[in-house]
Every structure is written in C-alpha cells, then in structure tokens.
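The values are calculated or read from the model by the stated rules, or taken from the named source; none is laboratory data. Small disclaimer: the values here were computed from a predicted structure and weren't measured. Cβ placement follows ideal geometry from the backbone for every residue including glycine, while neighbour counts extend to all protein chains displayed. Heavy atoms of the whole protein, side chains included, go into the accessibility calculation; ligands, DNA and RNA do not. Shrake-Rupley method; radii C 1.70, N 1.55, O 1.52, S 1.80 Å.
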Amino acid sequence: MKRLLTSALLALAAAVAATGPALAETWPAKPVTLLVPFPPGGSSDWIARLLGTKLQEKLGGSFVVDNRGGAGGTIGTAAVKRAAPDGYTLLVTSLGPLVIGPHLLKNIGYDPTRDLDYISVAVQAPNVLVVPAASPLKSMADVLAHEKAKPGQMSFASSGNGSSDHITAELFWQQTGTSGLHIPYKGGGPVMTDLLGNQVDASFMNINAALPQVKAGKLRALAITSARRSPVMPDVPTTDELGIPGLQVYSWQAVAAPKGLPADIKARLHAAIVAALNAPDVKPKLIEQGFEIVANTPEQFTAFQAAEFARWKKVITDRKITAD
C-alpha cells in the first residue's frame, strides 16, 4: 500500500510540474484580453490594437481589446491584478497607473511594485512645450522671462491632475524656480481645443498629439523633453540644450500581466511583442508619429518601473501634488 501511495504522489507531482510547460505549449487556446485601462482613442488603446493584430499573426488565437477606463487607469489595472496569471489577461497601459496614480490615489486595489509581471515597455514619446501660433512667446527664453515677471500667471493646460503633462509642468517649475497656473481638463481633446482657441497659454503635450497641429502651423513647439532632438521635430531644441537639466520626461505604453505569469508564456509573448514593434509595416508608422520603440526585456522593464516609481513619488511629494 505504501508503495502504491508513493507512486501516486510521484505521478501527481510530475503532472503538476508538467502543467506550466503544457499550458505554454497550448497557449493561446482561447481569446486573450488586452485590457486597456482608459477609454478608446488614446495612445494606449492605439498601441493595444496594433499589437493585438500583430500578436494574432505571430502567436495564433485571437487578441481582443477591452477598454475599462476610470480613476486615471487604476480601475482597469486593479482588474488585471485580480485576473488569473495564465496569459489570457494582459494589461496595455501608459505610465499613469504604474508610477503616478499610486502616489495620488488611495485604496487603488493593487501595488504596482508587487502585483504585476512586467513584460515590455513597447514605445515611449517625449512631451513638447507648445503655445498657440498667435502667442507672443517665441522661445523658452520668452517663457522663462514671462514667468519670472508675472509669477503664477502663465496658464499651463493638462489632460488632468496627475497626468504626464501636469507632472511635466510641475517638474519644469521646480527645475527653473518659476511658477505657473495649472489648469486641468478631462482629457487631451479639450486641452487641444482651448490651446487652438487661445484660451490657455501653453501645455507640455505628448509629441504625437501635438505633431499634426505643429505641422499645420496652429501650434508652436518651443522645447522637447527628450534626451535628443526628435526626427519628426528636428528644429525643436531639447530642454537640456536650453539649460534645463532634469526635465527629460517620456510618456510610455507598456505590456504587463498578473503576477505569476508562466515563464514560457512570458518569453513567447515578449519575443512576439519585440517582433511586432519592429515589423516593416509597423516600425515606420510608429516613428512617423513621434514614438520611439523601446521593446525592452522583462528585467529591464521591472527596473525601469521601480526607478520611475521613485522619481515621480519625489516630484509629487515635493510639489505637494494631489488628485483633487
């Protein structure tokens, strides 16, 4: 009897050990949900749909985008945290829910430093300081002179409290010893409307949102928050060039999963994402819109998230930024 029991236990252990590889071999055997924690139409949604199409080509099965907006992306992110770590629920998000929202909101339902497996930062894009074409401010020097002459009066629009454009403005004021007037909106659309209508003075807008209006001559780009000049805006100087160190800011879109994703699935998924982003029918399209392809490893993304988490915590604490 003891021998039979031992044999049964060994067989059970072998079956359990084989579950991971077996799951990876059959994955995806059913539709994979790409959960985007924002409404349709934004950069994260666009990247998710682009990746979904290419991942279907490379991995088989089907990849379906599910938009679950709310609370700066934290509601959808919490839903991913609660999902089974079996490769059938993935998160496609921007930096907000992973490195900014956790410092601004209470009881978000997840800890981004512990509850997710990070797969890859897909793309990043810098912010651009833009003013209406009719603005008398022609350069960063004009902006700094104006802010120093009239502290707290120059209005900077953002897509919401705690958004990338808001945090960039706060960091800009911190690094230059100036102050302005932050005006939060509910999304990037209203920001663009009021900028084009000369209702606000400026915004640190994501480059892919600003690019069409800059090309059309309706907005003027004064500075870019990247390490190097962008090939789509080669005449716009970086903030480093303009003597403002520490203002390198990128918005980014990335893919993550519930903690505990099987290693084989993670490896297959990462390889497919890298191949998709570098595909000849994808890469030029991304670059044309001002995106930079990152496609880093899970280990690099994990370290990057930790560094960004600490960086934005300090800015939010030092500037006493709130979600209200």
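Three principal axis extents, largest first, for the C-alpha atoms of the stretch 57-113, in Å?
Principal axes ranked by extent give 39, 19, 17 Å for the Cα atoms.
Cα extents of the chain along the three principal axes, largest first, in whole Å?
Largest first, the chain extends 90, 41, 30 Å along its Cα principal axes.
About its Cα centre, what dipole magnitude does the stretch 133-192 give when the only charges are +1 on Lys and Arg Cβ and -1 on Asp and Glu Cβ, stated in debye to the nearest 20? Spell out each step's value before the answer.
Working: 4 positive and 4 negative charges, 23 e Å.
In debye, rounded to 20, the stretch 133-192 gives about 120.
At 1.4 Å probe size, with no ligands or nucleic acids counted, give the accessible surface of SER94 in Å², nearest ten.
That residue has around 20 Å² of solvent-accessible surface.
I want to verify a result. In a Gaussian network model of the chain, Cα cutoff 10 Å, which of these has the top mean-square fluctuation: VAL64, VAL99, VAL80?
With Cα springs under 10 Å in the chain, the top fluctuation among VAL64, VAL99, VAL80 is at VAL64.
Explain nothing, just the number: dipole magnitude of the chain about its Cα centre with +1 on each Lys and Arg Cβ and -1 on each Asp and Glu Cβ, in debye rounded to the nearest 20.
On the way: 30 positive and 25 negative charges, 112 e Å.
Dipole of the chain, to the nearest 20 debye: 540 debye.
Using helices alone, what [θ] at 222 nm do you get for the chain, with -39,500 (n - 2.57) per DSSP H run of 4 or more residues, divided over all residues and rounded to the nearest 500?
Roughly -13500 deg cm²/dmol at 222 nm, from the helical runs in the chain.
Note down the nm distance, to one decimal, between modelled labels 7 Å out along Cα→Cβ at SER139 and at ASP111.
Taking the two extended label points, one gets 5.0 nm.
Distance in nm between label sites at ALA271 and ALA84, each 7 Å beyond Cα in the beta-carbon direction?
Simple spin-label model gives 2.5 nm for this pair.
Provide the solvent-accessible area of GLU57, counting protein heavy atoms only and rolling a 1.4 Å probe, rounded to the nearest 10 Å².
Probe radius 1.4 Å; accessible area of GLU57 about 120 Å².
Distance from the Cα centre of the stretch 206-224 to that of the stretch 259-315, in angstrom?
Going from one Cα centre to the other spans 25 Å.
In nm, to one decimal, how far is the THR193 label point from the LYS259 one, both placed 7 Å along Cα→Cβ?
4.2 nm
Given the whole protein assembly as supplied and a 1.4 Å probe, what does the accessible area of ASP66 come to in Å², nearest 10?
Answer for ASP66: close to 40 Å² accessible.
Indicate the helices, whole DSSP H runs only, in the chain that combine a mean Kyte-Doolittle hydropathy of 1.0 or more with a Cα extent along their long axis of 20 angstrom or more. Can you show the working numbers first?
Details: long enough: 2-26 (35 Å, 1.06); 43-59 (23 Å, -0.29); 263-277 (21 Å, 1.10); 298-318 (30 Å, -0.45).
Qualifying helices, which must be both long enough and hydrophobic enough, are 2-26, 263-277.
Starting from 0.36 nm per residue, how many nanometres of slack lie between ALA29 and ASP318 once their C-alpha separation is accounted for? Intermediate values should be presented prior to the final figure.
On the way: separation 289, 0.36 × 289 = 104.04 nm, distance 4.82 nm.
Here the segment from ALA29 to ASP318 would lengthen by 99.2 nm.
Quote the charge dipole size of the stretch 250-298 about the Cα centre in Debye, to the nearest 20; the model charges only the Cβ of Lys and Arg (+1) and of Asp and Glu (-1). Show your work: numbers first, answer last.
Working: 5 positive and 4 negative charges, 38 e Å.
With only Lys, Arg, Asp and Glu charged at Cβ, the dipole is about 180 debye.
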